[in-house]
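The values are calculated or read from the model by the stated rules, or taken from the named source; none is laboratory data. This structure is a prediction, so every number in the text was calculated from the model and none was measured. With ideal geometry, Cβ positions are generated from the backbone for all residues, glycine too; neighbour counts draw on all protein chains shown. Side chains are part of the model used for accessible areas, which takes the heavy atoms of the whole protein and leaves out ligands, DNA and RNA. Shrake-Rupley method; radii C 1.70, N 1.55, O 1.52, S 1.80 Å.
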Amino acid sequence: MYELLNLQLPSPVTQIHDDLLEQKNLQLFIKRDDLIHPLLQGNKFRKLKYNLLNARSQQLDTLLTFGGAYSNHIHATAAAGHLLGFKTIGIIRGEETLPLNPTLEDATRWGMKIDYVSRADYREKDSPHFIAQLKNKYEAFYLIPEGGSNTLALKGCAGITSELDSNYDVICTACGTGSTMAGLILGANENCTILGYSILNSQGHMKKAINQHLDINNADHTCHWEVITDYHFGGYAKTDNQLINFINRFQKQHQIQLEPVYTGKMLYGLFEQIKKNYFEPGTKILAIHTGGLQGLRGFGL
Ligand SMILES: *Cc1c(COP(=O)(O)O)cnc(C)c1O
């Protein structure tokens, strides 16, 4: 199904060279999932990959999913529909705001049918009652949960580790729902440490969410993993000048574009940890560029 899209898989790995890394005797690499496809990139592609194959094998040609108005997952699902010939329905949290933001403008242009629901109703989106209502309203569809986060999504994210042709001591990712991190934990070697940088101000919640994902997937023993909670900048999509300056400097120095919701926070946090000698000299680190660059347009960067 994906043959015609010319996806850049396995995604390339770029080494980052910089004085700080040299001084601390660390090696840092970035896995460029942002380069998989201009429209269908990052962990949102990884999460959709097996879900779309599953939808097709069930001969369901409509995808229905959920998200906020700036959601990378909504954008990726709409792009997948456009590129692969699925009809798509997006259940969007909150009221319609006109003109449409760039995320929903793309989605609409690619044929996604947008259905706005109140924040209160949106909270019920996983309930049997709410889903029964959707089944009444729309023809048969393949349901993908918010953020794409289900067991097939974890399988797709675990696939990141099977593309690696070298051993890394540490693999880093940004965490929203935690399912990308859970997938990496499932896929990684036993002697690898996975670090997840929470982009939410959620304290213990992220660890719980990841454990839930692991339990559902019967992970009995896993590699070492840790959630880093110090670099959320106040919570979801919150930023400040320090973060924006870091992203701009990183782009200038390494020609790699980050965004402030996920990858910017992860790499900011990682560099702060490096300055504070969090890592043993000689450590080989891989950070996953989980994409999300469509979201930049909301920040005017
Ligand atoms: C959605 C997203 C994440 C978070 O993934 P989760 O599996 O929800 O933790 C990280 N980075 C980017 C760019 C994303 O779009």
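Apply the Debye scattering formula to segment 91-156, with a single equal point scatterer on each alpha-carbon and no solvent, then give log10 I(q)/I(0) at q = 0.16, 0.22, 0.26, 0.29 Å⁻¹. Cα-only, vacuum Debye calculation for segment 91-156: -0.68, -1.16, -1.28, -1.30.
The alpha carbons of segment 134-226 occupy a box of 50, 31, 23 Å along the principal axes, longest dimension given first. The Cα center of segment 222-263 and the Cα center of segment 1-53 differ in position by 16 Å. Packing-based ranking of 182-190, 280-288, 84-92 yields 182-190, 84-92, 280-288, ordered from highest to lowest mean Cβ neighbour count within 10 Å.
Within segment 254-286, name every residue whose backbone N is under 18 Å away from a label modeled 7 Å from Cα of Gln15 along the Cβ vector. Flagged as within label range: 254-256, 281-286. When each of the peptides 24-33, 41-50 is scored by how many other beta carbons lie within 10 Å of its residues on average, the order from highest to lowest is 41-50, 24-33.
Using C-alpha pairs under 8 Å with a sequence gap of at least 6, the mean separation divided by the residue count of segment 92-235 gives a relative contact order of 18 percent.
Based on alpha carbons, the Rg and Dmax found for the chain are 18.9, 62 Å. Taking each of Lys155/Lys208; Lys125/Lys207; Lys155/Lys276; Lys24/Lys265; Lys47/Lys137 in turn, the alpha-carbon distance tops 30 angstrom for Lys155/Lys276.
What does the accessible area per residue of the chain come to in Å², with a 1.4 Å probe and no ligands, DNA or RNA counted? Spelled out: the 1.4 Å probe surface of the chain, per residue, equals 47 Å².
Sort the following peptides by mean Cβ neighbour count (other Cβ atoms within 10 Å, averaged over residues), highest first: 168-180, 117-129, 265-277. Don't skip to the answer; put the middle values down first.
On the way: 168-180: 25.3, 117-129: 12.0, 265-277: 18.2.
Highest to lowest by the protection proxy: 168-180, 265-277, 117-129.
Pair-distance distribution P(r) for segment 1-61, from all Cα-Cα distances in 5 Å bins starting at 0: 4, 16, 19, 17, 12, 11, 8, 5, 4, 2, 2, 0 percent.
Think of the chain as a dipole: +1 on every Lys or Arg Cβ, -1 on every Asp or Glu Cβ, centred on the Cα centre; then among Gly81, Leu98, Ile288, Leu98 lies furthest on the positive end. Choose one of Thr222, Gly156, Gln273: the residue whose Cα lies farthest towards the positive end of the charge dipole of the chain (beta-carbon charges +1 Lys, Arg; -1 Asp, Glu; about the Cα centre). The Cα lying farthest towards the positive end belongs to Gly156. The H on the amide N of Tyr197, modeled in the peptide plane, is under 5 Å from the matching H of Thr173, Ala174, Cys175, Ile228, each at least 5 residues off or on a different chain. Between Gln59 and Lys87, the modelled label-to-label distance comes to 1.6 nm, taking each label 7 Å out from Cα in the direction of the beta carbon.
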